[in-house]
1. Where does each of 95, 8 land when they are ranked from fewest to most other beta-carbon atoms within 10 angstrom?
2. Among 31, 74, 51, which one moves the most in a GNM of the chain with springs linking Cα atoms closer than 10 Å?
3. Rounded to the nearest 0.05, what FRET efficiency do residue 113 and residue 91 have when you use their Cβ-Cβ distance and R0 = 22 Å?
4. Take the chain, connect every pair of alpha-carbon atoms lying under 10 Å apart with a spring to form a Gaussian network, then pick out the residue of 73, 56, 113 with the largest mean-square fluctuation.
5. Just the number, please: Stokes-Einstein D of the chain in µm²/s, Kirkwood Rh from C-alpha pairs, 4 °C, 1.567 mPa s.
6. Under a plain spin-label model, where a point goes 7 Å from the Cα along Cα-to-Cβ, how far apart in nm are residue 71 and residue 84?
7. With r as the distance between the Cβ atoms of residue 5 and residue 45 and R0 = 25 Å, compute the FRET efficiency 1/(1 + (r/R0)^6) and round to 0.05.
8. Average projected area of the Cα convex hull of segment 60-102, in nm²?
């Protein structure tokens, strides 16, 4: 999962190993069912492969508190059978490639782009 704030909304990208891919907006709204489309499944696979590399390299830290993404931060969460782990940095550091986890940020945006493209083709705007 990748979570960030866009203006006052919290945006969460959820990529599941079996291909399900969705984008949720808090306080409301979603783009769901993206995994039904090859372009989104492909972006999902690439994102999860990269997350797996960073997880194996211990870029994620274990958390037992709720995920909190303050303004200006981007968080990546991995949910496992033993709990969840988080990697987080500021959007500024991620965009400028100063963060060690910057590749996750850019690959997460590839998932967003694939979801948006499919949504726009379906008339979702």
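Rule-based calculations on the coordinates, nothing more; no lab input. Fair warning: this is a prediction, and the values are worked out from it, not measured in the lab. In this analysis, Cβ positions are derived from the backbone assuming ideal geometry, glycine residues included, and neighbour counts consider all displayed protein chains.
1. On the way: 95 14, 8 8.
If I rank by nearby Cβ atoms, fewest first, I get 8, 95.
2. Answer for the Gaussian network model of the chain: 31.
3. On the way: r = 17 Å, r/R0 = 0.76.
My answer for the efficiency is 0.85.
4. Judging by the Gaussian network model, the answer is 56.
5. Values: Rh = 14.7 Å.
Here the translational diffusion coefficient equals 88 µm²/s.
6. Label-label distance for residue 71 and residue 84, simple model: 2.3 nm.
7. Details: r = 26 Å, r/R0 = 1.06.
It comes to 0.40.
8. Values: hull surface 11.8 nm².
Over all viewing directions, segment 60-102 projects a mean Cα-hull area of 2.9 nm².
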